[in-house]
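What follows is a short report on a single structure.
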DNA sequence: GTCTTCATTGTAAGCGGTTGCAGGGCTGCT
DNA sequence: AGCAGCCCTGCAACCGCTTACAATGAAGAC
């Protein structure tokens, strides 16, 4: 089915059909109905590829996340999607599984599809990719990984602040041996979180001991990290996790080993995903406003388009949410 | 950047550039290099819209799921994506939040983008949508909601079998008062699962009592269902959940009310998502081969394309996975 | 009744690629 | 030297839709 066939059937020109389909009000009501009827009768679906080609602009924005299985990313995505939908855009979702090659491929694909803007909510990054995006001229917003110049907005979370809050809280509960359970990601924010953790530890100097174990971003990875941690002989009284998703595995593994939480070991997460409230015990964590991030990302992208003054940099402070996975050190 | 600019810079025709970019081996090596160099220098990204328009065929397949927050859907999506990627396709992800209007919109969008095929992994459905897809002529695969005719493949899970296994297992543990915690979905498979549960119950006739509570698909919804269930005075010794995702909320709410699992009440889930293993207690559930579903969906779509004989109907049997959330009735 | 104006609709030139067909340059053969 | 034949390229039509501009006809102005 093409525009032309519809036009033929409605006995009008393709231009008119196009006008009707795009709600240009210049069309006479009777003509409009005729066209709509013809389109319906033919089960006509406008070719969106042709549309954006001819129109020059696209109504979709591209979003790339690292891991669709980690609810954090999905939450941001959903907010982004909802906001986009409100403005008449749809979003093309791409995911990388933390691999830079896939990041690059995703970006290329999105640019190739001529997305109206790019949202990179990823932990891995590569300068070349940033440069490629900049050169493409597309408005972009980066979460955590900073990028400068061009139509770029950065949304970042002050992990140092967050980690400090967590560590300080644990310290105040008497914890002096703390471990970090994270995962390898080419760059921030995981690296950042780990560094933030170490920095927070450093403030206490010799008073506290710490140690870090890295695995992959999943509950299984969290469990693995615990095994590594405990296997090493280091006996932490608290484990700070890079995120809630991994923390779920940390909790399970501790339980499996007969370690009571928070009796023997306290555990904290990061992100405050919905599930953090449903673990047993409920997880103490640091809240990041995921919905706001998604919304802001979209705003930023469309604003750039309108060339209004967009906030080039947004900073968010994680809030400590105390639940049941933390308690006084034994 | 357009093909033409690259051509100009490389001092060749657009046809040649196109050939190079598409790896048509007829091009002389030296020319090829020249073109590639020009393209790189210009940070050229082929316009995929123009490409599919001109080429007539697209390299992306569309996938629609009901709820991105429910890991079940994400798991099949990932498998689908991986399989697609292997064949040189990418997948356009659409999600509906269980709303038929969004389903319809998603399908239209996907057809408009001229996806090479459609995978509908959704719980809600509408005959009109099925008809629209059929009329579009696109190969499609449906998970659970059956559709007939056209280039259609159905993948379905024998919920009756699964539910029977769960109920029978619970029955053998002495349970006689069982409840079902599910959620409203316009159609299958939720309705199907509920019906399957009721059917399984019916086999025991008067010997067992049952009751169902419906909320929305989330841990919070599961908690809500428990509140409704217990608030009604019905005191089940076992709660069968429509899926693991909701079961997580069921577990939490029971705990919050001081109900021991499985001491006082046994709980079963459905799907066997990764997290089922990480709940406390670990969840007894019914396994559905999500990865296989994703893979099969893709195979089916591409097979249709090649017009080979594709299995029109695939049936899967859920396996009972016993963990720690079930035990003898009190 | 004639001319201007406005509301509608049509014409046709792209948008950025792909691809069938034609053509130019070389090679090898007689 | 002359010619067939193969490589490699270029030409140009077309994919389906948007949109600037032209054209049509009816209504209003004088």
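Residue A:234 meets each of the listed conditions (1) within 14 Å of another protein chain (Cβ to nearest Cβ); (2) in a loop (DSSP other than H, G, I, E, B) apart from (1). Is there a residue in the range A:251-260 that is away from chain B (no Cβ under 13 Å) and under 22 Å from residue A:164 (Cα atoms)? Within the range A:251-260, not a single residue is away from chain B (no Cβ under 13 Å) and under 22 Å from residue A:164 (Cα atoms). Scanning the range B:72-91 for residues that are crowded, with 22+ Cβ neighbours inside 10 Å and either more than 8 Å from chain A (Cβ to nearest Cβ) or modelled with pLDDT under 95 (or both) gives B:72, B:73, B:76, B:80, B:84, B:91. Entry remark, the range A:58-70: residues being away from every other protein chain (no Cβ under 11 Å) and within 16 Å of DNA strand C (Cβ to nearest atom) number 0 in total.
Among the residues of the range A:152-185, those that are more than 22 Å from residue A:66 (Cα to Cα) and either out of contact with any helix residue (DSSP H, G or I) (no Cβ under 9 Å at 6 or more places or on another chain) or not in a helix (DSSP H, G or I) (or both) comprise A:169, A:170, A:172, A:173, A:174, A:175, A:176, A:177, A:178, A:179. Taking the condition modelled with pLDDT of 95 or more, within 16 Å of DNA strand D (Cβ to nearest atom) and not assigned by TED's automatic domain parsing to the domain that holds residue A:247, does residue A:52 pass? When the stated conditions are applied, residue A:52 passes them. The condition of being without any contact (Cβ under 8 Å) to a residue 12 or more places away in the chain and out of contact with any strand residue (DSSP E or B) (no Cβ under 8 Å at 6 or more places or on another chain) holds for only one of B:101, B:52, that being B:101.
Would you please name the residue that is farthest from residue A:138 (Cα to Cα), looking only at residues in the range B:5-27 that are surrounded by fewer than 14 Cβ atoms within 10 Å (Cβ to Cβ) and more than 10 Å from DNA strand D (Cβ to nearest atom)? Once the filter is applied, the top-ranked residue is B:23. Look at (1) within 10 Å of DNA strand C (Cβ to nearest atom); (2) out of contact with any helix residue (DSSP H, G or I) (no Cβ under 7 Å at 6 or more places or on another chain); (3) modelled with pLDDT under 95 and you find that residue B:25 fails only one, number (1). Just one of the numbered conditions (1) in a helix (DSSP H, G or I); (2) away from every other protein chain (no Cβ under 14 Å); (3) touching a helix residue (DSSP H, G or I) at 6+ places or on another chain (Cβ under 9 Å) is not true of residue A:206: (3).
Applying the condition of being more than 11 Å from DNA strand C (Cβ to nearest atom) and surrounded by 12 or more Cβ atoms within 10 Å (Cβ to Cβ) to the range B:36-57 and asking which residue is nearest to the other protein chains (Cβ to nearest Cβ) yields B:43.
Rundown of residues vs (1) outside any strand (DSSP E or B); (2) out of contact with any helix residue (DSSP H, G or I) (no Cβ under 9 Å at 6 or more places or on another chain), yes/no style:
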| site | (1), (2) |
| --- | --- |
| B:62 | no, no |
| B:79 | yes, no |
| B:84 | yes, no |
| B:88 | yes, yes |
| B:103 | yes, no |
| B:124 | yes, no |
| B:128 | yes, no |
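When only residues in the range B:282-304 that are assigned to a strand (DSSP E or B) and crowded, with 24+ Cβ neighbours inside 10 Å count, which is farthest from the other protein chains (Cβ to nearest Cβ)? The selected residue is B:286.
Residues are listed down the side, and each one gets a yes or a no for (1) at pLDDT 95 or above; (2) more than 14 Å from chain A (Cβ to nearest Cβ); (3) over 18 Å from the mean Cα position of the chain (by Cα):
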position: B:93; (1), (2), (3): yes, no, no
position: B:126; (1), (2), (3): no, yes, no
position: B:134; (1), (2), (3): no, no, yes
position: B:137; (1), (2), (3): no, no, yes
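Would you say residue A:100 is crowded, with 24+ Cβ neighbours inside 10 Å, more than 14 Å from chain B (Cβ to nearest Cβ) and farther than 23 Å from residue B:109 by Cβ? Spelling it out, it is not the case that residue A:100 is crowded, with 24+ Cβ neighbours inside 10 Å, more than 14 Å from chain B (Cβ to nearest Cβ) and farther than 23 Å from residue B:109 by Cβ. It is to be established whether one or more residues within the range A:257-280 are surrounded by fewer than 24 Cβ atoms within 10 Å (Cβ to Cβ), touching a helix residue (DSSP H, G or I) at 6+ places or on another chain (Cβ under 7 Å) and within 30 Å of residue A:82 (Cα to Cα). Yes; the residues of the range A:257-280 include at least one that is surrounded by fewer than 24 Cβ atoms within 10 Å (Cβ to Cβ), touching a helix residue (DSSP H, G or I) at 6+ places or on another chain (Cβ under 7 Å) and within 30 Å of residue A:82 (Cα to Cα).
The values are calculated or read from the model by the stated rules, or taken from the named source; none is laboratory data. Values in this document were obtained by computation on a predicted structure and should not be read as measured data. Neighbour counts are summed over all protein chains in view; Cβ atoms, including those assigned to glycine, are modelled from backbone coordinates with ideal geometry.
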